[in-house]
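Below you'll find the structure, written out as structure tokens, and then a few comments.
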Amino acid sequence: MSAVSETIVREFFEAHGFFVRQQRKYVAPSRREEDEVDFYVHNPRAKVGEPLPFVLGTADLAQVARAVVVVKGWHTETFSPAVLANAPEIFRFVSPAVFKKSAEGFGCLDPFLKILVVPALPQSGEARKQSIEMLRAKGIDAVVPFRTMLAFLIGHIAVNRNYVKSDLLQVLRILKNYGLLVQGEEQMDLFSRRRGR
């Protein structure tokens, strides 16, 4: 997992009031990068209520009390049924031995969700439905697309604040300040037409 993808996920959850814990900051030579959970997230103000959708949006996070999060920052892939069938490493973290080891490392004793961060799911109805069914069948409780995270972060930052403690937010603020990053309700445009000041 790239550091940029990891930073996006961390900033997204922290912006929603979650405590985010990473098991380790290094990659052990003997472990596969895909084998372990990337983050444990805890929401101290969770309002657990109605059942959550499988594809989480920003509003749904208020109902997530705790979760383990695995990031698949393959930003050129859509997690279609074909990709899921041919990439078993996506699901390695939910295998009982790996999952138990990761959960113990984070000290997770209470029930928690297994969230997978994905670049995208298919747009068409049938392929999307099949992907969701495959992910659920493997034991994943929910997914969050990177687009959802980036759209929230872009909308969340203010151009008149200086985010010196976050390189990611600072870069997004600068792009937004110069009109190079424009966010609509459902659309993000990078380097779109210049807007007048």
**Request:** For Q123, work out the one condition from (1) over 23 Å from H75 (Cβ atoms); (2) part of a loop (DSSP other than H, G, I, E, B) it doesn't fulfil.
**Result:** (1)
**Asked** Among F39, F93, which is the only one that is buried (at least 16 other Cβ atoms within 10 Å of the Cβ), at pLDDT below 75, touching a Phe, Trp or Tyr at 6+ places or on another chain (Cβ under 8 Å) and of a type in the set (F, W, Y)?
**Response** F93
**Asked** Would a scan of the stretch 61-81 turn up a residue that is over 13 Å from the mean Cα position of the chain (by Cα), assigned to a loop (DSSP other than H, G, I, E, B), loosely packed, with under 13 Cβ neighbours inside 10 Å and in the same structural domain as I8 (by TED's automatic domain parsing)?
**Response** yes
**Request:** Consider R161 carefully, then state whether it is modelled with pLDDT of 90 or more and of a type outside the set (D, E).
**Result:** yes
**Prompt:** Are there any pairs with C-beta distances below 9 angstrom linking a residue in the stretch 112-127 that is farther than 16 Å from A87 by Cβ and in contact (Cβ under 8 Å) with a residue 12 or more places away in the chain to a residue that is of a type in the set (K, R) and not in a loop (DSSP other than H, G, I, E, B), with the two at least 6 apart or on different chains, and if so which?
**Reply:** F112/R66; L113/R66
**Message:** Cβ-Cβ distance below 8 Å, separation of 6 or more or different chains: which pairs start in the stretch 143-169 with a residue that is touching a residue at least 12 places away in the same chain (Cβ under 8 Å) and more than 26 Å from V94 (Cβ to Cβ) and end on one that is of a type in the set (D, E, K, R) and crowded, with 19+ Cβ neighbours inside 10 Å?
**Reply:** L153/E11; I157/R173; A158/R173; V159/R173; R161/R173; S166/E11; L168/E11; L169/E11
**Item:** Whichever residue in the stretch 1-36 is over 25 Å from I154 (Cβ atoms) and assigned to a helix (DSSP H, G or I) and, among such residues, is modelled with the highest pLDDT
**Value:** D35
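The values are calculated or read from the model by the stated rules, or taken from the named source; none is laboratory data. These figures come from a predicted structure and were not determined experimentally. Don't worry about glycine lacking a Cβ; one is built from the backbone with ideal geometry, like all the others, and counts go over all protein chains shown.
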